[in-house]
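Below: the structure, in structure tokens.
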Number of protein chains: 2
Amino acid sequence: MGLRERKKLETRRALSWAALRLAVERGLDNVLVEDIAAAAGVSPRTFNNYFSSKAEAITSRHVDRGRHLAEQVRRRPRTESLWESILEAALAQYDTGGTLPDPEWTAGVRLMTSEPALIGEFLRASSMIERELAEAIAERTRTDVRADIYPRLVAAAVGAAIEVATDQWLTADPPGPLGDLVREALTQVAAGLPEPSTA
Amino acid sequence: MGLRERKKLETRRALSWAALRLAVERGLDNVLVEDIAAAAGVSPRTFNNYFSSKAEAITSRHVDRGRHLAEQVRRRPRTESLWESILEAALAQYDTGGTLPDPEWTAGVRLMTSEPALIGEFLRASSMIERELAEAIAERTRTDVRADIYPRLVAAAVGAAIEVATDQWLTADPPGPLGDLVREALTQVAAGLPEPSTA
DNA sequence: CCGAAAACTTGCGGGTCCCGCACCTTTCCA
DNA sequence: TGGAAAGGTGCGGGACCCGCAAGTTTTCGG
């Protein structure tokens, strides 16, 4: 990888990181593009060469994380069933086993899901991720992303499960382990979300 | 309902309708807030008293449609299972039985899901709808939207299924009946999305 | 029916955003 | 090593969105 591309990636990371950090610190409305650019050591004009909006810069790291999940699903051994692979890949990312998740990530998600101006872009990012996840699933199941409804359906359902689990975790009063919630959500989805018996 | 509220609702409808129509006709970038306001017979400033952005105005009708779905789930007879109710409510909205769906709606969805500046707001709107749907499901299943993961999980899964079905329908080359796709998607989700046997 | 209060509309002004364009600097590669 | 390609920057402008302070319409109690 040449110097050129390395610098670009570095600048991109610096910008998205600065955007997220500043927005968490002061609130989105108190952060100008100018501030983000300054914090990353580039001109304001350059900011918009990398991201087309503040929101996109902030959600950029969320996208990276999601890509990682799709990648992991792809790497899982074929001896597993699809749902086993998905569950394991998801847990590898969300089950922190005892310790708390990265506080920076927590603050980021909390910001993106609460600030009205960010929610849309956040969901859009999730949607992009689901597209990649669908590709991975299509590969695994030998289905066709364009012709078959199946891979996108699974990807969307998985995305929904993780989203709900995360949201529940963020608002739960005594915050239990996030991994457990993700497992619970995915298991229920894979079981067809049977109506709870009103015993 | 007083004269005041009636007029307000009328203005709101006029604005969102004008926004959608103009955007479909000329493309989003060739429509100014000024144009929308003019088409609805109010001042530009008034536009932003009703909607906080062009995107919100356009997606407003999508929200209305979604609310209707949640409402219908609520009204279904309790003799049905939850999934029966959901399926019937969804089909009542999406199965046009033979005839083609409202071309205005089709154009609207196509616009909202293709124009980058609208996708975020579109998903945000869907998310709002899912929240209401979750309430309806919680009511039906005597679960708690805040404490239990179940109702939101179902709502999100249903939203995902409808979204995928719609998207598939929009891009399918010989466009089959939308109702069939929605039925198929919801049925698969309710069955736990079993991995297709690689027969 | 009336008059004040409440609600809505509108114009103005300003801060911000985002992009096209042209110019300059840096990196690449033959 | 020198031209080509790509990235960074400043300028300028169109558009957006909101606060504010009138002005106007609807409401409602007496």
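Numbers below:
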| item | result |
| --- | --- |
| Distances in nm from B:Asn49 to the matching label points in the other copies, shortest first (labels 7 Å along Cα to Cβ) | 4.4 |
| Residues of the range B:93-127 buried by at least 50 Å² on assembly (accessible area, 1.4 Å probe, chain alone as reference) | B:Leu123, B:Arg124 |
| B:Arg131 - accessible surface, heavy atoms, 1.4 Å probe, Å² rounded to 10 | 150 Å² |
| Value of D in µm² per second that Stokes-Einstein yields for the range A:124-193, Kirkwood Rh from Cα pairs, at 37 °C (0.692 mPa s) | 255 µm²/s |
| Contact surface A-B: accessible area buried, both sides summed, square angstrom, 1.4 angstrom probe | 3100 Å² |
| Per-copy distances of the B:Glu5 label point, shortest first, in nm (7 angstrom along Cα→Cβ) | 6.1 |
| Area of B:Glu88 that stays accessible when all protein chains are in place (1.4 Å probe, Å², to 10) | 80 Å² |
| A:His68 accessible area, assembled protein chains, probe 1.4 Å, Å² | 100 Å² |
| Kirkwood Rh, Cα atoms: Rg over Rh of the range A:1-52 | 1.01 |
| Relative contact order (%) - criterion: Cα under 8 Å, at least six apart; region: chain B | 19 percent |
| Percent carbon-and-sulfur accessible area, the protein assembly as shown, ignoring ligands, DNA and RNA, probe 1.4 Å | 51 percent |
| Centroid-to-centroid separation of the range A:136-199 and the range B:125-199 [C-alpha atoms, Å] | 12 Å |
| Nm distances between copies for B:Asn30, ranked from closest, using label points 7 Å along Cα→Cβ | 4.4 |
| Cα-Cα pairs of the range B:79-199 separated by more than 23 Å (percent) | 36 percent |
| Two-site label geometry, B:Asp180 and A:Asp180: point separation in nm, points 7 Å out along Cα→Cβ | 4.6 nm |
| Peptide B:157-164 - average C-beta neighbours from other chains (10 Å radius) | 6 |
| Qualifying lysines (Cα of each under 25 Å from Cα of B:Lys7; at least 8 residues distant if same chain) | B:Lys54 |
| Percent of Cα-Cα distances greater than 26 Å, calculated over the protein assembly as shown | 58 percent |
| Over the range B:1-51, relative contact order from alpha-carbon pairs under 8 Å, at least 6 apart, % | 30 percent |
| Candidate residues B:Met128, B:Met1, B:Met112: accessible-area rank, largest first, probe 1.4 Å | B:Met1, B:Met128, B:Met112 |
| Centre separation in Å (Cα based) which lies between the range B:72-114 and the range B:1-18 | 25 Å |
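The values are calculated or read from the model by the stated rules, or taken from the named source; none is laboratory data. These numbers come from a predicted model, not from an experiment. Don't worry about glycine lacking a Cβ; one is built from the backbone with ideal geometry, like all the others, and counts go over all protein chains shown. Calculation scope for accessible area: heavy atoms of the full protein, side chains included, ligands and nucleic acids excluded. Shrake-Rupley method; radii C 1.70, N 1.55, O 1.52, S 1.80 Å.
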